[in-house]
There are 2 protein chains.
Amino acid sequence: MTSELETITGGVCAPIGFRASGVTCGIKNPDLPKRDLAMIFSDFPAVTAGVFTQNEVKAAPVRLSSTYLKQVPPRAIVANSGNANACTGTVGMEHARRMADSAAKALGIKRREVLVCSTGIIGVPMPIHRIEPKMPEAAAALGRDEESAANVAAAIMTSDTRPKSEAIRVKIGGKEVRLGAIAKGAGMINPNMATMLCFVTTDAKITKAELQAATKEAVDRSFNRITIDGDMSTNDTVLVMANHQAGNRSITKGGPGSRLFREALTELMVRMAKKIVADGERVTKLVEVVVKGAYTDADAEKVARAVANSQLVKCSWNGNDPNWGRVIHAVGYSGARIREEMVDIYFDGLCAAKHGLVTDTPIAELQKAMSGSKVRVCIDLNLGRGEYNIYTADLSAEYVLFNREEYAVTKVK
Amino acid sequence: MTSELETITGGVCAPIGFRASGVTCGIKNPDLPKRDLAMIFSDFPAVTAGVFTQNEVKAAPVRLSSTYLKQVPPRAIVANSGNANACTGTVGMEHARRMADSAAKALGIKRREVLVCSTGIIGVPMPIHRIEPKMPEAAAALGRDEESAANVAAAIMTSDTRPKSEAIRVKIGGKEVRLGAIAKGAGMINPNMATMLCFVTTDAKITKAELQAATKEAVDRSFNRITIDGDMSTNDTVLVMANHQAGNRSITKGGPGSRLFREALTELMVRMAKKIVADGERVTKLVEVVVKGAYTDADAEKVARAVANSQLVKCSWNGNDPNWGRVIHAVGYSGARIREEMVDIYFDGLCAAKHGLVTDTPIAELQKAMSGSKVRVCIDLNLGRGEYNIYTADLSAEYVLFNREEYAVTKVK
């Protein structure tokens, strides 16, 4: 983080002109009161960038929002947890439209100014009749205070154990610009269909092209570098709304302030990405896999992903086992160009293997290094200058137990 | 299986002119008596085909055996369990050579006539001093009886819960030809470094080119279609020895008997592959994933592998959960060309999803279908004629617990 960035309070409500709320519809279970409808509203039309799932199976709200985004500058985001509205066919599309429609009515704006997101179970029709009547309540509850910021973060949680909210301030051309974000977990951490959502608000003045480019760069350096179980959700969505209220000179591609704004947006998303990985009672550690010395960055990425996604490697981390053999074995099948006799492996700075062979670092020390809640596993291929880093977690027995049953239980209910 | 194939007893000792033994060296733990050195001997030089791991990190015995295989027709295979002799550098190569050397001396043959395999922990030097003195005992114990066949199968086991041995007979050109095999498990089933070994003996007369082609085809249709955790071992090896004692006219590529021999070899390897997946207390079911209706076979394979390797899908199988949402989600990110609204998903013949939408098949019936110890998950993409099938298993909490610690424990011992 550069010294120019300052952490502030307020989450998505920190930037000027944004309000938020989180209310309870009983989407997953009407008898279990839990905030499950989130609303973010901009008092002014907002230039908005979006990055959506690459999964060929796309949820109805993803289809709808990516279309709306091309048409008009949005004013609001509404997101529900408990049902993903995915694999729900034409009825699902109708439900997504109705969600946008009821939000628009409650807010006094046009349907196409509302972006819709959903997260939760796949293949079960949305209980839209529980959502529509609650929209006026969500609109009435919109606020800029800490409570509103907390409620909106809580309402998008599924199996997350804590809300994820952050805000930062940065000076651009002498003007203070604020960025706020909320997010919810993915994959292993959030297995009830593994959706990752992140909504960013900013009062920066910025062109749409630059905002889209900055968003893509930030996502590539944050959410695209977390991998929990290699799965990719049908609903993954990152939205960044910029409402131009900070008074800065418009940020353009390569123009003044562009570098600073990108840094700030990236920093914010990296923080959210790390929170996503670290969250969850079923995960015991956040592991950063750092690969250096590859022929190319692409080779380094292959190695990082193979190691981070190896089921056997993740199990050993769960047991604090400094098992470099499993690591080098994943390095070997990664598809990257490697030379076994050049590979060095470090656990939190301690060398476990040098030139592909065991070192005399005492096992007890390596075990201690692996026992922390944050561990860095560094693999130096000693071949070139390519590098890549990725954030991941261990695999626990509790994760499996948690994920054994879901669909049948939900369907029968 | 065609009616021309007949199952017989005797394992690798069933074909004429092969003997085998399994003895105890105490490789993993001198205090724990367990057969850990396997020997297969052909009374005659044997045309031999080999398929080795594609992992860039290759164990010393893999390097040695693949070199020897090009030089002379082998007479013997020696394989140890408990130590993989991988990531052991030049010392490891020396140990592999010494293993071949001591076996050759005990058998009165040349070192290069011995193929060496190892399976077990990675990165720990081989206790070669425990293996060398036992070679004469292994040679003396060579036999053709059921006990010898059982001992050799037992000696290559690591965390396998039962030995894997099969033999079949087929008439080729009026002559009886026998094929026998032993194998040991992989990945999830055998996580102590996940090596898959399979040794096949046959008394068929066959050219080296045809044997290599038949072996490659059989491996593609069997071991390359099992996936447990997506990992690929540093030691995976399939060896097929043919010693020409059956009296059949030599089998050549495309010549008489070629089709029948390939069928027999493939059937034998498919049986071994299924045994590998189904083995293990920590696995509760063998799952065949069948993909049909893809544009191409390659697309079908992408879908099959994505579904079979999805951690979330495997967890749901463990809970007998007919969670078609997780299946279609993996279909979506597989990289294959698919259309969500065309996808049908069946659990043991029961339709859970039709055209990408939930069906009215009762959940209780789908749960019952998922509860068996053998389940077929069929995905019809309804786009073309491409198809592929793959065998895999569920992911259990016990698997994770079993794999949490290994290296540190072994190193400290």
Practice prompt. May I ask you to report, in nm to one decimal and beginning with the shortest, the distances from A:Asp297 to the same position in the other copies, taking label points 7 Å along Cα-to-Cβ?
Written response: 3.9
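Quantify how strongly other chains surround peptide A:87-98 by giving the mean number of their Cβ atoms within 10 Å of each of its Cβ atoms. Please list the in-between numbers first.
Values: counts 12, 3, 6, 2, 1, 1, 0, 0, 0, 0, 0, 0.
Counting other chains' Cβ atoms within 10 Å and averaging over A:87-98 gives 2.
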Item to complete: Working from Cα positions, state the angle (0 to 90°, nearest 10) between the long axis of helix A:258-278 and the longest principal axis of chain A.
Response: 70 degrees
Worksheet item: What 222 nm value per residue comes from the helices of the protein assembly as shown, counting each DSSP H run with n ≥ 4 as -39,500 (n - 2.57) and dividing by all residues, nearest 500 deg cm²/dmol?
Response: -10000 deg cm²/dmol
Discussion item. With θ taken as phi - 60° and the coefficients 6.51, -1.76 and 1.60, list the Karplus ³J(HN,Hα) couplings across the stretch B:66-78 in order, rounded to whole Hz; mark glycine and proline as x.
Written reply: 5, 6, 4, 4, 7, 9, 9, x, x, 10, 9, 10, 10
Discussion item. For a 20 Å ceiling on Cα separation, which of these pairs sit above it: B:Lys105/B:Lys134; B:Lys34/B:Lys134; A:Lys302/B:Lys302; A:Lys28/A:Lys274?
Written reply: A:Lys28/A:Lys274
Worksheet, complete the sentence: Sites removed, the longest contiguous part of chain B containing no DSSP-loop GluC sites (Glu not before Pro) with at most 15 other Cβ within 10 Å is B:5-280
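Please average, across the residues of A:120-126, the number of beta carbons from any other chain that are within 10 Å of each residue's own beta carbon, and give a whole number.
If you average over the peptide's residues, the count of other-chain Cβ atoms is 4.
Is there a quick way to get the dipole size of the protein assembly as shown? I mean about its Cα centre, with the Cβ of Lys and Arg at +1 and of Asp and Glu at -1; what is the value in debye to the nearest 20? Before the final figure, lay out each step's value.
On the way: 106 positive and 90 negative charges, 241 e Å.
For the protein assembly as shown, the charge dipole is close to 1160 debye.
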Worksheet item: Using a Förster distance of 22 Å, how high is the FRET efficiency between B:Lys171 and B:Thr9, based on the Cβ-Cβ distance and rounded to 0.05?
Response: 0.75
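Quick one: net charge of A:Val219's neighbours, Cβ under 12 Å, K/R +1, D/E -1?
The answer is +1.
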Worksheet item: What is the distance, in nm, between label points placed 7 Å from the Cα along the Cα-to-Cβ direction at B:Thr296 and at B:Glu217?
Response: 2.2 nm
Practice prompt. First measure r as the distance between the Cβ atoms of B:Glu398 and B:Arg162, then evaluate 1/(1 + (r/R0)^6) with R0 = 22 Å and state the FRET efficiency to the nearest 0.05.
Written response: 0.85
Discussion item. Using a 10 Å cut-off around each Cβ of peptide B:312-322, what is the average number of partner chain Cβ atoms that fall inside?
Written reply: 6
Worksheet item: Which distances, in nm and shortest first, link the B:Asp43 label point to the same label point in every other copy, taking 7 Å along Cα→Cβ?
Response: 9.7
Fill in: For the protein assembly as shown: rounded, prolate or oblate by the Cα gyration tensor [a/c cutoff 1.5]
prolate
Practice prompt. List the distances, in nm to one decimal, from the label point of B:Glu146 to the label points of the same position in every other copy, shortest first, placing each label point 7 Å from Cα along the Cα-to-Cβ direction.
Written response: 7.8
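If you take every residue apart from A:Ala106 with its C-beta less than 14 Å away from the C-beta of A:Ala106, what net charge results, scoring Lys and Arg +1 and Asp and Glu -1? Could you put the intermediate results ahead of the total?
Working: positive: A:Arg19, A:Arg75, A:Arg98, A:Lys105, A:Lys110, A:Arg111, A:Lys134; negative: A:Asp101, A:Glu113, A:Glu132, A:Glu137.
Combined, the nearby Lys, Arg, Asp and Glu give +3.
Can you tell me how the stretch A:5-278 classifies by the Cα gyration tensor, rounded, prolate or oblate, using a/c under 1.5 as the rounded cut? It would help to have the intermediate numbers written out before the result.
Working: a/c = 1.57, a/b = 1.38, b/c = 1.14.
Prolate, since a/c reaches 1.5 and a/b exceeds b/c.
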Response to the item:
The ³J(HN,Hα) series, computed from each phi in the stretch A:30-38 with the Karplus coefficients 6.51, -1.76 and 1.60 at θ = phi - 60°, rounded to the nearest Hz and given as x for glycine or proline, is x, 8, 10, x, 7, 4, 9, 10, 10
Item to complete: Anything over 25 Å Cα to Cα? Flag those among A:Lys216/B:Lys314; A:Lys58/B:Lys285; A:Lys216/A:Lys275; A:Lys314/B:Lys314; A:Lys175/A:Lys253; A:Lys292/B:Lys58, in the order listed.
Response: A:Lys216/B:Lys314; A:Lys58/B:Lys285
Discussion item. Taking the 0 to 90 degree range and rounding to the nearest ten, how far is the long axis of helix A:208-221 tilted relative to the main principal axis of chain A, both from C-alpha atoms?
Written reply: 40 degrees
Practice prompt. Report the net charge of residues surrounding A:Glu56, where surrounding means a beta-carbon distance below 9 angstrom and charges are Lys +1, Arg +1, Asp -1, Glu -1.
Written response: +2
Worksheet item: Classify the stretch A:213-278: rounded, prolate or oblate, from the alpha-carbon gyration tensor (a ≥ b ≥ c, eigenvalue square roots; a/c under 1.5 rounded; otherwise prolate if a/b is larger than b/c)?
Response: prolate
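Would you mind calculating the gained length between B:Glu365 and B:Glu137 on full extension (0.36 nm times residue separation, minus the Cα-Cα distance), in nm to one decimal?
Working: separation 228, 0.36 × 228 = 82.08 nm, distance 5.61 nm.
Length gained between B:Glu365 and B:Glu137: 76.5 nm.
When only Cα pairs under 8 Å and 6 or more residues apart are kept, what is the percent relative contact order across chain A?
Working: 1069 pairs, mean separation 69.8, N = 413.
That works out to 17 percent.
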Practice prompt. Scan chain B for the residue whose Cβ is closest to the axis carrying it onto chain A, then write down that distance in whole angstrom.
Written response: B:Ala397, 2
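For chain B, what is the charge dipole size about the Cα centre, in debye to the nearest 20, if Lys and Arg each add +1 at the Cβ and Asp and Glu each add -1 at the Cβ? Intermediate results must be reported in sequence, preceding the final value.
Numbers: 53 positive and 45 negative charges, 259 e Å.
Dipole of chain B, to the nearest 20 debye: 1240 debye.
Which value in Å does the Kirkwood hydrodynamic radius of the stretch B:97-141 take, with 1/r averaged over all unlike C-alpha pairs and then inverted? Working shown, then result.
On the way: mean 1/r = 0.0896 Å⁻¹.
Radius from the Kirkwood sum: 11.2 Å.
Taken together, the values in this text are just the output of simple stated rules run on the coordinates, not laboratory data. This structure is a prediction, so every number in the text was calculated from the model and none was measured. Cβ atoms come from the backbone with ideal geometry, glycine included; neighbour counts cover every protein chain shown.
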